[in-house]
Amino acid sequence: MARKIVLGSRTNEEILAVKEVIGKDFPIIGFYTYGEYAPIGKQHLSCLHNEVATITIISE
């Protein structure tokens with residue numbers, strides 16, 4: 001949610017930037033969450049990351 005708060009009305013610009021890379025006709029779906037837990041650094045300690053964009057591409 002922090003990412004959406006930071007971007008405000010500019011969230012569409014983020015989507016357009018992704019489409020510039022993957023192609024404008026490539027279907028996408030997504031949502032804003034409160035964050036994700038992932039390792040940071042060499043200690044492999046998981047921490048909350050609340051202003052990230054995670055992109056996964058699935059194809060046949």
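The base-10 log of I(q)/I(0) for region 2-49, evaluated at q = 0.13, 0.18, 0.23, 0.27 Å⁻¹, reads -0.47, -0.75, -0.89, -0.96 [Debye formula, identical scatterers on Cα atoms, solvent excluded]. For the chain, averaging the sequence separation of C-alpha pairs within contact (under 8 Å, six or more residues apart) and dividing by the residue count gives a relative contact order of 35 percent. Using a Förster distance of 22 angstrom, determine the FRET efficiency expected from the C-beta separation of THR33 and SER59, and round it to 0.05. So, using R0 = 22 Å, E works out to roughly 0.40.
A dipole drawn for the chain from +1 and -1 charges on Cβ atoms has a positive end, and of HIS49, THR11, PHE31 the residue lying farthest that way is HIS49.
Straight Cα distances below 19 angstrom link LYS4 to the lysines LYS19, with same-chain residues fewer than 8 positions distant left out.
Since every read-out is calculated from the coordinates, none of them should be taken as a lab result. Being a predicted model, the structure only gives us computed values, none of them experimental. In this analysis, Cβ positions are derived from the backbone assuming ideal geometry, glycine residues included, and neighbour counts consider all displayed protein chains.
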